[in-house]
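Peer 1: Just passing along the structure, written as structure tokens.
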Amino acid sequence: MQGKLHVRGAMQIRPGIELAGLSDVGCQRKNNEDRYSYWEPVSDEEFRRKGRLAIVADGMGGYEGGQEASGIAVETVEEVYAGTLNDDPRSLLNAGFRAAHQRIQEQASKNLVLHGMGTTCTAIALLGNTLHFAHVGDSRLYLVRDGSISALTRDHSYVNRLLEDGILSAEEAESHPQRHILTAALGSGAEVFPEMSPEPMSLEKDDVLVLCTDGLWGAVAESELKSAVARPPLQACKDLVALAKQRGGPDNITVQVLKLST
């Protein structure tokens with residue numbers, strides 16, 4: 001979306017980005033445990049202070065639990081970011097993740113069906129051309145710039161730990177049977193320590209940010225993702241989801257694409 005101010009329901013999408021998001025149940029699941037959202041303030045003054053917020057989450061914990069956990073995560077991070085007077089994106093994202101972790105655990109304690117639920121969560125705050133992010137789990141944030149793609153987040157997973165320790169090769173990690181076992185998730189463990197962007201990152205015109213769950217990156221190579229986002233964001237989302245489904249779509253598939261147009 002670009003050019004004049006766009007309105008999606010009550011949501012204003014201001015000039016400066018082209019934006020699209022898509023979520024699909026995939027080919028083998030009965031329900032979609034992924035959630036995603038995009039938010040920016042109604043007020044121009046608040047927009048200057050808080051910018052844009054985009055989130056993806058991939059829930060786990062059974063038929064009801066996964067949907068519940070990812071929904072709580074997205075709603076809570078957005079609520080804390082939007083509703084807190086503090087203007088520091090880093091502290092707002094951190095507070096949102098910690099609040100979501102607590103709410104997921106509180107909800108699980110009230111309902112045995114939800115016991116053990118949790119979720120990944122990856123969120124970005126974009127103020128002008130300055131990026132901040134927070135991350136827990138194995139959903140991912142990519143940056144595509146000048147024909148190159150790089151992952152800005154690292155997976156909090158058992159297999160990625162083995163990879164970082166040099167026990168597994170990248171090729172072995174791709175097909176490891178335990179590659180989806182997480183070492184961190186919102187709702188899991190006594191505390192959560194979100195991975196935060198080490199410092200604000202300056203973006204450039206035509207940079208593309210991609211947030212996605214493992215249902216996408218597990219089926220689509222980074223080179224294919226890079227090629228897809230050369231197209232307009234909505235077409236890129238459609239093409240990427242279709243490609244993941246062509247390859248069996250064993251998991252829910254969710255992607256958001258944001259291209260800087262100024």
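Peer 1: How many residues, within region 117-144, are hydroxyl-bearing (Ser, Thr, Tyr) and not in a loop (DSSP other than H, G, I, E, B)?
Peer 2: The qualifying residues number 4.
Peer 1: Arg98 passes all but one of (1) over 27 Å from Leu243 (Cα atoms); (2) in contact with a His (Cβ under 8 Å, 6 or more places away or on another chain); (3) modelled with pLDDT of 95 or more; which number fails?
Peer 2: (2)
Peer 1: Tell me, please, whether a residue that is assigned to a helix (DSSP H, G or I), touching a residue at least 12 places away in the same chain (Cβ under 8 Å) and closer than 15 Å to Gln12 by Cα can be found in region 73-80.
Peer 2: no
Peer 1: Could I ask something else about it? Taking region 188-242, which residues are part of a loop (DSSP other than H, G, I, E, B) and acidic (Asp, Glu)?
Peer 2: Passing the criteria: Glu191, Glu199, Glu204, Asp206, Asp207.
Peer 1: With the checklist (1) crowded, with 24+ Cβ neighbours inside 10 Å; (2) free of Cβ contacts under 8 Å to residues at least 60 places away in the same chain; (3) over 15 Å from the mean Cα position of the chain (by Cα) in hand, flag the one item Gly96 doesn't pass.
Peer 2: For Gly96, the failing item is (3).
Peer 1: Another question, then. Of all residues in region 243-262, which are polar (S, T, N, Q), surrounded by fewer than 17 Cβ atoms within 10 Å (Cβ to Cβ) and not in a helix (DSSP H, G or I)?
Peer 2: Hits for region 243-262 are Ser261, Thr262.
Peer 1: Checking Gly83 against (1) without any contact (Cβ under 8 Å) to a residue 24 or more places away in the chain; (2) within 18 Å of Ser188 (Cβ to Cβ), which single condition isn't satisfied?
Peer 2: For Gly83, the exception is condition (2).
Peer 1: I'd like the residue in region 214-225 that is closer than 15 Å to Leu143 by Cα and buried (at least 22 other Cβ atoms within 10 Å of the Cβ) and, out of all such residues, is modelled with the lowest pLDDT.
Peer 2: Once the filter is applied, the top-ranked residue is Trp217.
Peer 1: Scan region 208-225 for residues that are among the charged types (D, E, K, R) and over 17 Å from the mean Cα position of the chain (by Cα) and jot them down.
Peer 2: Within region 208-225, just Glu224 meets the criteria.
The values are calculated or read from the model by the stated rules, or taken from the named source; none is laboratory data. Just so it is clear, the structure is predicted and the values come from calculations on it, not from any experiment. All Cβ positions, even for glycine, are placed from backbone atoms using ideal geometry, and neighbour counts span all protein chains on display.
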